[in-house]
Amino acid sequence: MTPTGYSFTLSGAGTISAETLDGILGTTCASNDVDSRIRIFSDADLVTPVATDDDSGAGFCSLATTGLLAAGTYYIVVDASTFDPTLTFDYALTITENLAICGDGGIDPGEQCDDGNLVNGDGCSSTCQSECPGLVESEVNDTFDVADGPMANNVQNCGAITPNGDDDFWSFTIGLTSTVTFETFDASGNQGCPDANDTHIFLFGTDGVTQISSNDDLGAGDRCSRIVRTNMPAGTYFLRVIEFEDNGPIGGYRVRARVDAACGNAIVEGTEECDGGATCNADCTRIPVCGDGFIDAPETCDDSNTNNGDGCSSLCVLENLFNETEPNDDGATATATNDFLAAAANGPFSVDTMISGAISPAGDDDVYAVTNPTASPIIFTAETFSNAAGTACVTTDTDIRVRDAGGAQLALSQDEGQGACSTSRTSSIRGRRSTSM
């Protein structure tokens, strides 16, 4: 039998909200004169309502909202509250359709996820239900010897913490010394876990007993967990997942292990300094040698080759190192003035030279002379650094000015080098030129 009330056709999957309001004859919710009850029935079941409400509206008025419903005909029945079933009153009624649109990026009632598309296989199905890309937890898995796994690399796996105090163990196998990230997500595979997904994870070694690391929260407002470990030797490791205090449930979570760098695959990744070769250790750290581009004691330079005559010798020792001698300007110390004096210049230099100098006191100018002993023009480069190896510029800010012997400025460089250091490249140099800093 069709209930006495109002019929409503839901045009698509969604929810129905029905609310009683002040009556058109002056009866109001605020005065509690409207004390209603709302029940919503489906056409398929006229006995058991899909939603019912007494006092969720204003005053004693009602507001009933269904869960996700299929398209079809539904019936809204309004009568007096069971608390005063003989009461009579007038009322107004609003019925609202809220369609659930899968693929719009918002999670509607009945949807477990909504990633903005209708593609299956990406963790959220075409009907906006969560998919599990990897393994689904199988109980009992509360010790390492019955762990689920091994997990595939970079694939989310699905589990739940239930009942209270449940432990979940997962295994992960690496074949090479690796950097690995272990992390949890909410049930739909998203980061930014709410309190309901407050995980705590523990990483154990290949014996399943020795704890290596643990993590609770990624930060304020994010209850997901993450562990990053470098230089993990090959083997099978175990990850324990629990609710934060191990005394509550988590309806669903996802967990993933991802190899960020694998030592031995001939690809320099992550924190590796090398990967393979005669000058690389088994853990992908360098075996220091001259010519590798890194300055390791007792080297004073390393220009990535073992050639002599280029400023850094085949033994990685600075060649043609010259220490500045003062005075090498006009002797004035006033700041922001030109203190150039060709006659006081250090040099002249006619080959590649590394010069160690200092600007002191404030206002000091350092002048160096460069000579081209040939009849042909050359290209002359002057560059400043903050270290003796000529590889860095830290807390150093220089100007380079190239002048002729009479003091006329030919070129200026301020911050064209590394950081605030300077680089001046001048072509067609004949005879003698001076550089001041």
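The values are calculated or read from the model by the stated rules, or taken from the named source; none is laboratory data. Fair warning: this is a prediction, and the values are worked out from it, not measured in the lab. Cβ: placed from backbone, ideal geometry, glycine included. Neighbour counts: every protein chain shown.
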Kindly indicate whether any position in the range 119-128 is of a type in the set (D, E, K, R) and assigned to a loop (DSSP other than H, G, I, E, B). yes
Subset of the range 9-32 (residues that are farther than 30 Å from ALA70 by Cβ, surrounded by 12 or more Cβ atoms within 10 Å (Cβ to Cβ) and not small (Gly, Ala, Ser)): ASP22, THR27, THR28, CYS29, ASN32
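Go through the range 212-245 and count every residue that is in a strand (DSSP E or B), aliphatic (A, V, I, L, M) and over 20 Å from GLN156 (Cβ atoms). Full working, then the answer.
As a first pass, look at the range 212-245 and keep what is in a strand (DSSP E or B): 212-215, 219, 222, 226-232, 235-243.
If we keep only those that are aliphatic (A, V, I, L, M) as well, we get 212, 227-228, 232, 239, 241-242.
After this cut, where a residue has to be over 20 Å from GLN156 (Cβ atoms) as well, the list is 212, 232.
Result for the range 212-245: 2.
If I filter the range 47-74 down to residues being in a strand (DSSP E or B) and in contact (Cβ under 8 Å) with a residue 60 or more places away in the chain, which single residue comes out as nearest to LEU93 (Cα to Cα)? It would help to see each step written out before you state the result.
The first filter runs over the range 47-74 and keeps only residues in a strand (DSSP E or B), leaving 51-53, 63-65, 69, 72-74.
Next, from what is left, pick out any that are in contact (Cβ under 8 Å) with a residue 60 or more places away in the chain: 72-74.
Values: GLY72: 20, THR73: 18, TYR74: 15 Å.
It comes out as TYR74.
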How many residues, within the range 199-223, are among the charged types (D, E, K, R) and touching a Ser or Thr at 6+ places or on another chain (Cβ under 8 Å)? 3
Being within 30 Å of GLY105 (Cβ to Cβ) and either touching a residue at least 60 places away in the same chain (Cβ under 8 Å) or in contact with a His (Cβ under 6 Å, 6 or more places away or on another chain) (or both) is true for just one of THR179, THR184. Which residue is that? THR184
Filtering the range 245-281 for residues that are modelled with pLDDT of 90 or more, within 23 Å of the chain's Cα centre (by Cα) and surrounded by fewer than 22 Cβ atoms within 10 Å (Cβ to Cβ) leaves a count of 6
Collect the residues in the range 282-307 that are exposed (fewer than 15 other Cβ atoms within 10 Å of the Cβ), of a type in the set (A, V, I, L, M, F, W, C) and in contact (Cβ under 8 Å) with a residue 60 or more places away in the chain, keeping them in residue-number order. ALA282
In the range 376-419, which residues are more than 19 Å from ALA342 (Cβ to Cβ), among the small types (Gly, Ala, Ser) and over 39 Å from the mean Cα position of the chain (by Cα)? SER376
Among the residues of the range 130-152, which ones are surrounded by 14 or more Cβ atoms within 10 Å (Cβ to Cβ) and either closer than 30 Å to PRO109 by Cβ or out of contact with any strand residue (DSSP E or B) (no Cβ under 7 Å at 6 or more places or on another chain) (or both)? SER130, GLU131, CYS132, PRO133, GLY134, LEU135, GLU137, ALA152
Selected residue [touching a strand residue (DSSP E or B) at 6+ places or on another chain (Cβ under 9 Å) and of a type in the set (A, V, I, L, M)] from LEU25, LEU46: LEU46
Could you tell me which of the residues GLY293, GLY248 is under 30 Å from CYS113 (Cα atoms) and part of a loop (DSSP other than H, G, I, E, B)? GLY248
Find the residue count for the range 368-423, including only residues that are without any contact (Cβ under 8 Å) to a residue 60 or more places away in the chain, buried (at least 18 other Cβ atoms within 10 Å of the Cβ) and among the aliphatic types (A, V, I, L, M). 3
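Let's see how each residue does on (1) outside the structural domain of THR391 (by TED's automatic domain parsing); (2) more than 16 Å from SER360 (Cβ to Cβ):
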position: GLY311; (1), (2): yes, yes
position: GLU326; (1), (2): no, no
position: ASN338; (1), (2): no, yes
position: ASN346; (1), (2): no, no
